Amino acid sequence: MFKEYVQVLFLFVFVISFKNANSIQCYECSSKNNSMCLDPSIYDQETLRNFLPFTTCGRGVYTNNNQDFFCRKIIQTILHKHYEPEIRVTRTCGWVRHHRDCYKADNEDHLETVCQCFSDHCNAGAKISGAMTLVALVTLRAYF
């Protein structure tokens with residue numbers, strides 16, 4: 001009985017890991033309305049959890065070719081005529097990758113640096129992949 005229970009538990013963990021392996025969590029904010037978005041690294045984890053929202057990318061989004069989502073950070077220097085430039089940071093999910101991790105764009109009314117990253121919150125530990133879970137399950141199965 002215990003052996004069957006353990007097998008069902010491992011199967012459940014395996015299925016959950018596969019679902020989450022293609023998901024990534026990214027901060028979802030703009031410094032226009034949340035100054036913490038400028039530099040989250042200066043805040044402790046509890047403050048970040050309470051005041052800087054993040055989202056699971058891809059949740060509720062249909063893509064026709066099962067694209068992998070990633071996190072994106074956009075730093076804009078908005079150029080105002082007759083005023084000081086304004087720095088704005090936007091953090092969000094992305095789904096169309098650029099061939100470089102970071103690139104710059106120079107537009108008529110703003111300068112832009114866009115960076116993409118591929119782990120939760122762009123600074124968290126690596127997520128468990130479905131393949132790593134499968135290896136762990138096969139190894140554990142050999143002992144039962």
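Take the conditions (1) within 22 Å of H121 (Cβ to Cβ); (2) at pLDDT below 90; (3) exposed (fewer than 12 other Cβ atoms within 10 Å of the Cβ); Y5 misses just one of them, which is (1). Which residue pairs have Cβ atoms under 9 Å apart, sit 6 or more places apart or on different chains, and have a first residue in the stretch 87-105 that is more than 24 Å from S23 (Cβ to Cβ) and a second that is in a loop (DSSP other than H, G, I, E, B) and among the small types (G, A, S)? Sorted first by the residue in the stretch 87-105, then by its partner, the pairs are I87/S31; R88/S31.
When the stretch 33-53 is filtered for residues that are touching a strand residue (DSSP E or B) at 6+ places or on another chain (Cβ under 6 Å) and open to solvent by 70 Å² or more (accessible area, probe 1.4 Å), only L38 remains.
For the stretch 110-129, a residue qualifies if it is modelled with pLDDT of 90 or more and farther than 17 Å from E28 by Cβ, and the qualifying residues are H110, L111, E112, T113.
The values are calculated or read from the model by the stated rules, or taken from the named source; none is laboratory data. Everything numeric in this text was worked out from a predicted model, so none of it was measured. Ideal geometry is used to build each Cβ from the backbone, glycine not excepted, and the neighbour counts take in all protein chains shown. Note: areas computed on protein heavy atoms with side chains; ligands, DNA, RNA excluded. Shrake-Rupley method; radii C 1.70, N 1.55, O 1.52, S 1.80 Å.
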